[in-house]
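Report on the following structure.
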Amino acid sequence: MNRKDFLRTSSFLILGGAAALKVSAKDTPSLHHSTAPLAKESKEGQYPMYDLHVHTSQSQSIEDIVRKSREMGLSFGVMQNVAPWGIKTNEDLQAYLDEMSKYPVYIGLQPMSLGWSKNLSPELIAKADYVAMDPQVVPKANGYGEQIEVYTYASYIDSAETFMQANMDYYMKILSKEEPIDIFACPLLLPNAIEREYHTLWTKERQEMIIEACRKNVIAIEINDLMHVPHKEFILKAKKAGVKFTFGSDTRNQQTGRLIYCHTIAKECGLEMKDFFIPKRKLG
């Protein structure tokens with residue numbers, strides 16, 4: 001099962017707000033007091049103990065996430081996809097905002113394609129704590145004009161350079177900030193067929209284009225624990241340019257909150273609290 005099909009069947013679906021959850025917020029009052037303040041620093045280094053890339057699913061409810069927050073000492077950001085299987089309308093978005101606001105978690109939106117905001121109210125979008133978008137569904141990314149889903153093994157790449165040209169074009173459109181975006185998620189991930197060429201394809205020029213776009217448009221870069229991207233040299237370049245970072249496990253199951261790569265690479269790169277994007281809203 002690929003990611004898109006999995007998300008369709010297991011992601012937190014917008015079904016009129018509370019109807020989508022098995023347990024109502026008011027039924028679990030002990031879970032609604034955060035014990036993981038945003039400014040808490042890790043024992044390993046001077047960076048925030050948070051995970052801003054988490055999803056609910058059939059195997060992980062919002063109550064499970066809040067419980068993990070309490071037990072692990074982590075603040076979580078719960079994201080919902082803006083996609084045919086997730087948020088599609090203002091009604092969907094309002095229901096999601098209303099339901100998540102009952103819990104001590106950050107509320108994130110994760111669009112899956114360009115043009116996602118045209119059917120949504122800017123005022124409602126602004127009520128989310130952040131928008132994070134990844135570049136994993138690249139349109140017309142091979143010689144056959146096919147859409148490439150970077151996260152699948154079945155992605156067909158006939159020419160690495162053809163893909164990279166389409167990939168960079170897509171990156172730049174996302175990072176142009178023509179639509180709201182606060183976090184660039186899962187950067188530099190490549191399809192399985194060409195991932196062994198990572199350090200060749202991600203040239204100095206391409207890396208600098210991404211970093212400059214993030215700097216110019218004030219977009220934070222996610223350090224993604226699941227995919228182990230981006231790499232140390234890229235992070236150091238972005239840090240020097242003044243770009244902010246976030247941590248994300250990119251999970252929807254028992255793996256939520258695992259941030260070994262994030263913490264390890266942050267320590268190696270000397271990241272500090274000042275280097276991180278911090279959502280403005282304080283968790284209750």
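Over the C-alpha atoms of region 150-263, the Rg to Rh ratio, Rh being the Kirkwood estimate, stands at 0.95. Each residue, Glu195 and Lys173, gets one label point 7 Å from its Cα in the Cβ direction; the gap between the two is 2.5 nm.
Of the GluC sites (Glu not before Pro) in region 102-150, the ones in a loop by DSSP (not H, G, I, E or B) with at most 15 other beta carbons within 10 Å are Glu146. Check which residues have an amide H placed less than 5 Å from Ile148's amide H, if you skip close sequence neighbours. The answer is Val138, Lys140, Ala141. The ranking of Ile260, Ile265 from fewest to most other beta carbons within 10 Å of each one's beta carbon is Ile260, Ile265. Computed 3J(HN,Hα) for region 157-163, one whole-Hz value per residue from the Karplus formula 6.51 cos²θ - 1.76 cosθ + 1.60 where θ = phi - 60°, is 10, 8, 8, 4, 5, 4, 4, glycine and proline marked x. The spacing between region 241-278 and region 131-166, judged by their C-alpha centroids, is 26 Å.
Taking only the Cα atoms of region 50-136, how large is their convex hull per residue, in Å³?
Taking only Cα atoms, region 50-136 has a hull volume of 98 Å³ per residue.
Computed over region 132-184, the convex hull of the alpha-carbon atoms projects to a mean area of 3.6 nm². Taking 20 Å as the cut-off, the amide N atoms of region 65-95 that come nearer than this to a point 7 Å along the Cα-to-beta-carbon line of Ser121 belong to 80-83, 86-95.
FYI, it's all coordinate maths here, none of it is from the lab. Here the structure is a predicted model, which means the values were calculated and not measured. Positions of Cβ are backbone-derived with ideal geometry, glycine not excepted, and every protein chain shown enters the neighbour counts.
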